[in-house]
Amino acid sequence: MNYASLSKAAAGVLLVAMLSACGGGGGSTPVAAVPAPTTFTVAGTAATGAALDGATITITGSDGTTYPAAGDPPVLTGTDGSYTVTLPLTAKPPFVVSALRNDISLVSVVPEAKDTTTNITPVTNLIASRLSSSGDPSKLAAEIQADPSLIDLAKVTAKVAEVVALIQPLMDAIGDSTDPLNGNIQAAVQAGTGADKLLDSLAISITPSSDKTVNIEVSVKQKLAEGEQPTVVAFSGGTGATAPAAALPTVAATDLVPSGNAALIDDFLKRMTACYALPQAERVKPGGNAAADIIAPTCLDIFSGQDPTKFLSSGSVVGNPGAYAAIFFMTDDHARPTFDLGSYEFTRGDGDLVIAFRGTSGADLTYYTGVLRQDADGKLRSIGNQYKYNGAVNAYHQLRTFINETGADYYSTGYNLYVSQTADVATVVKVVVTSPKGNTFLLRPLTGSAYFPMIKVDSAGKETQTATSFLRLERAYVDSANSADPQDADATNNFFSKTRYADADIVAIPKQARWKFDYYSSETTIDATQYFTTRSRAMTIPEMQTQSLATLTADTITGMKNNTKVNASGGLYWPTPVSPDLINLSWEVPAGALAPTQIQAFGGATVKGVSIKFNDSAAVASSATTGTIACSGADHCTADGHFLPGGIGGVHLWATTPAGQQFAHYYSVSNIVIP
């Protein structure tokens, strides 16, 4: 055959025929049809810096169907944060992917029904916020059921680009270019580098300000000099959303947290858990109550240099009483605490790291912060802030309820400038606090008080004592029809800022703001200067109103009302108890409300002709709904611990969030004149 005379088409036919004839047997072998796929997978990594292990993964389609379905075995992330969910091709996109573990809830998005890598991190949570009609990532799954067009590939791509542009300076400093939504971050999370270091270094806050709006702040967690304020990029989401006005500022790689930090923090918390798990006889010498009495190598390994005598934190040393007191007093029949959910907060000017973590003992949860130092062997160990005097500043929020006055209830928000009146400050005559904006506030010791109250100073320098350490930046009546200023009705014992802060002013305050405390040993001599850093900014009033709080029971309120008395000047008070000599409170914690971990009573008494103010408190378990406050302190109590005759102006239920925001529901017995 003359193959050269064949056309290309004919040659092709002949070649196929020749190939099909090969193989012996003289017949053709049928090719099995490949079945069309019926499922697809969504897989990726859940991480906050540390891998989010043991988190429950749920994917919700636009028709409300969840995968896995209710009743099916849950999908949990592995120890490395990895997960895989298989969905049918009939599942309706777009999809919202959620990861839930204890107090951590993060969201991500999948626009199409096809195999995809999808991470779940604080960055993807921000992307989800930018796609949400309310700005609240936790509502996105319900929102796409009402409007599936909220999410499509083009919209997701645009929001990823927006977020990447915002955090690009940090990505550049780290040398990371991974797509935060769909890139493979598994290796980085395991190694503590790249995308993992990015997550460790980002501070992202998304705070609802109504059911349709949120305030968003993004900043970098890094090493800053004492008193240096971080830069925050603030914008809004939901109705009337605004875009970031600028990217994060340039950051030096040397000021960022070391690579692998999450694993080092986790290792520290495991060592601390192991210490508390030991029998008491192995932890400390018999009868030991001082740092030098700790004998267990496991417990010594908690402290820098394996030497607990080097620890100092805000005037407190290791001992019972003191820091790490449970090492000494916790007997073998106690429920042993475990510590987890460690997170890097920032680096102090001296290079020590500040971390936050959670302690769990049975049903009770407590949130802590600590200062760690990296020793020569590479391990992180506890060292404390090395400050001589105690002090703290926290975002503080109060709902003030007047049980004997209709229409007087009001919200207030600001900061708690707290110096505890303990032995370490016995020689301190005053503390001057300088805010991040340069404003100064005066605190002085007060007989009977557990803390240094704030002092009002007028233009002539005249001082007036208050009974509070709470700096109120903004306030508003619960009755929205009353637009008057609560300061005009309730300023006698409280401290209100001279300038009222608008919502935008509060949002602009850095999350990790530095406050300077100057401790004076005389009216003119500064003995020490210490800087305290907040973990969260104060909420605006609208933000605060979205947080439900615990409430006293109706029976407790009725008892307070029935025991209310009138003093000579017409003021109302609740007499200090005589028999029994305890203040008994009962409360309820509605769904979504913060559980109190402290109860406190505020009052006054006349002792030897001198009028004093006092505040007695008691710690309560987060699972408790009842508690008692006993008389404490030598100034207003008898020698055997009974209350001296006096009056109580109010009590509060105090709670804190994992981010360090404090909330108090204060119940006032007093009467005020409402404008």
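How high is the FRET efficiency from A528 to A290, r the C-beta distance, R0 25 Å, rounded to 0.05?
Approximately 0.55, to the nearest 0.05.
Using only the alpha carbons of region 538-617, determine the length spanned along each of the three principal axes and report them from longest to shortest in whole angstroms.
Principal extents (Cα only, largest first): 45, 29, 24 Å.
Can you compute the FRET efficiency between A618 and T422 using 1/(1 + (r/R0)^6), with r the Cβ-Cβ distance and R0 = 22 Å? Round to the nearest 0.05.
0.80
Using the Cα atoms as the points, what is the convex hull volume per residue of region 363-467 in Å³?
Numbers: hull volume 23.9 nm³, N = 105.
Given the Cα convex hull of region 363-467, per-residue volume reads 227 Å³.
In sequence order, what are the phi-derived ³J(HN,Hα) couplings for region 199-216 according to the Karplus relation 6.51 cos²θ - 1.76 cosθ + 1.60 with θ = phi - 60°, rounded to whole Hz, with x for glycine and proline?
3J(HN,Hα) across region 199-216, in whole Hz: 5, 4, 9, 9, 10, 10, 10, 10, 10, x, 10, 6, 6, 10, 9, 9, 9, 10.
May I ask you to derive the relative contact order of the chain, considering only C-alpha pairs under 8 Å and at least 6 residues apart, and to give it as an integer percent? List each step's numbers first, then the result.
Working: 1537 pairs, mean separation 61.3, N = 675.
After rounding, I find 9 percent.
What share of Cα pairs, in percent, lie more than 41 angstrom apart in the chain?
37 percent
Mind checking the full-extension length gain between N671 and T406? Use 0.36 nm per residue of separation minus the Cα-Cα distance, one decimal, nm.
Taking 0.36 nm per residue and subtracting the Cα distance, the gain is 94.4 nm.
So what is the relative contact order of region 163-262, in percent, for Cα pairs below 8 Å that sit 6 or more residues apart?
Answer for region 163-262 is 31 percent.
Show that you can apply the helix-only estimate: for the chain, add -39,500 (n - 2.57) for every DSSP H stretch of four or more residues, divide by all residues, and state [θ] at 222 nm to the nearest 500.
Details: 14 runs with 117 residues, N = 675.
Theoretical 222 nm ellipticity from helices: -4500 deg cm²/dmol.
Longest exposed-loop-site-free stretch of the chain, with GluC sites (Glu not before Pro), DSSP loop and at most 15 other Cβ within 10 Å?
229-522
With a 10 Å Cβ neighbour count serving as the proxy for reagent exposure, in which order, fewest first, do I327, I206 appear?
Ranking I327, I206 by Cβ neighbours within 10 Å, fewest first, gives I206, I327.
For K462 paired with A165, estimate the spin-label separation in nm (one decimal), with each label point 7 Å from Cα along the Cα-to-Cβ line.
Output for this residue pair reads 5.7 nm.
Evaluate 2.2 N^0.38 Å with N set to the residue count of region 389-675, then give the Cα radius of gyration divided by it.
Rg over 2.2 N^0.38 Å, computed on Cα atoms: 0.98.
Relative to a virtual label point 7 Å from the Cα of V432 in the Cα→beta-carbon direction, which members of region 494-519 show backbone nitrogen distances below 14 Å?
Zone members listed by number: 516-519.
Between E228 and K114, what is the label-point separation in nm under the 7 Å Cα-to-beta-carbon projection?
Label at K114, label at E228, 4.6 nm between them.
Treat each spin label as a single point 7 Å out from the Cα along the C-beta direction, and report the H642 to D505 distance in nm.
It works out to 5.0 nm between the two label points.
So what's the gap between the Cα centers of region 442-468 and region 34-103, to the nearest angstrom?
Rounded to whole Å, the Cα centres lie 55 Å apart.
Amide H of G571: which non-local residues (sequence gap of 5 or more, or other chain) have their own amide H closer than 5 Å, using H built in the peptide plane?
The answer is none.
Using the Karplus equation 6.51 cos²θ - 1.76 cosθ + 1.60 (θ = phi - 60°), what ³J(HN,Hα) coupling, rounded to whole Hz, does each residue of region 68-79 give in order, writing x for Gly and Pro?
Values, residue by residue: x, 5, 4, x, 7, x, x, 9, 10, 5, x, 4 Hz.
Would you please give the FRET efficiency between A554 and T254, computed as 1/(1 + (r/R0)^6) with r the Cβ-Cβ distance and R0 = 45 Å, to the nearest 0.05?
Once rounded, the FRET efficiency stands at 0.15.
Tabulate in residue order the Karplus-calculated ³J(HN,Hα) for region 496-509, using 6.51 cos²θ - 1.76 cosθ + 1.60 with θ = phi - 60°, rounded to whole Hz; enter x for Gly and Pro.
10, 5, 5, 10, 6, 8, 6, 3, 5, 5, 6, 4, 6, 6
Among A161, M560, T464, which residue has its Cα positioned farthest towards the positive end of the charge dipole of the chain, with +1 placed on the Cβ of Lys and Arg, -1 on the Cβ of Asp and Glu, and the dipole taken about the Cα centre?
Of the options given, the answer is T464.
Could you give the alpha-carbon Rg of region 261-382 over 2.2 N^0.38 Å, rounded to two decimals? Could the numbers behind the result be given before it?
Numbers: Rg = 13.7 Å, N = 122, 2.2 N^0.38 = 13.7 Å.
This ratio for region 261-382 stands at 1.01.
Let me check against my output: what whole-number percent is the relative contact order of region 39-251, with C-alpha pairs under 8 Å and at least 6 apart?
Answer for region 39-251 is 20 percent.
A 20 angstrom limit on the alpha carbon distance is what I want to check against. Which of K437/K511; K462/K608; K430/K456; K197/K223 exceed it?
The answer is K462/K608.
Using all Cα-Cα distances in region 129-189, what percent lands in each 10 angstrom bin from 0 up to the longest?
The percentages, shortest bin first, are 20, 42, 30, 9, 0.
Treating the beta-carbon of each Lys and Arg as +1 and of each Asp and Glu as -1, no other charges, what is the dipole magnitude of region 39-251 about its Cα centre, to the nearest 20 debye?
180 debye
For region 34-189, place one equal point scatterer on every Cα, skip the solvent, and apply the Debye formula. What is log10 of I(q)/I(0) at q = 0.10, 0.14, 0.21 Å⁻¹?
Each listed q maps to, in turn, -0.33, -0.65, -1.46.
Once fully extended, how much extra length lies between T90 and D377, figured as 0.36 nm per residue of separation less the alpha-carbon to alpha-carbon distance?
Answer, rounded to one decimal: 97.9 nm.
Since every read-out is calculated from the coordinates, none of them should be taken as a lab result. The structure presented is a predicted model; accordingly, all values stated were derived computationally and were not measured. Note: ideal-geometry Cβ built from the backbone for every residue, glycine included; neighbour counts use all protein chains shown.
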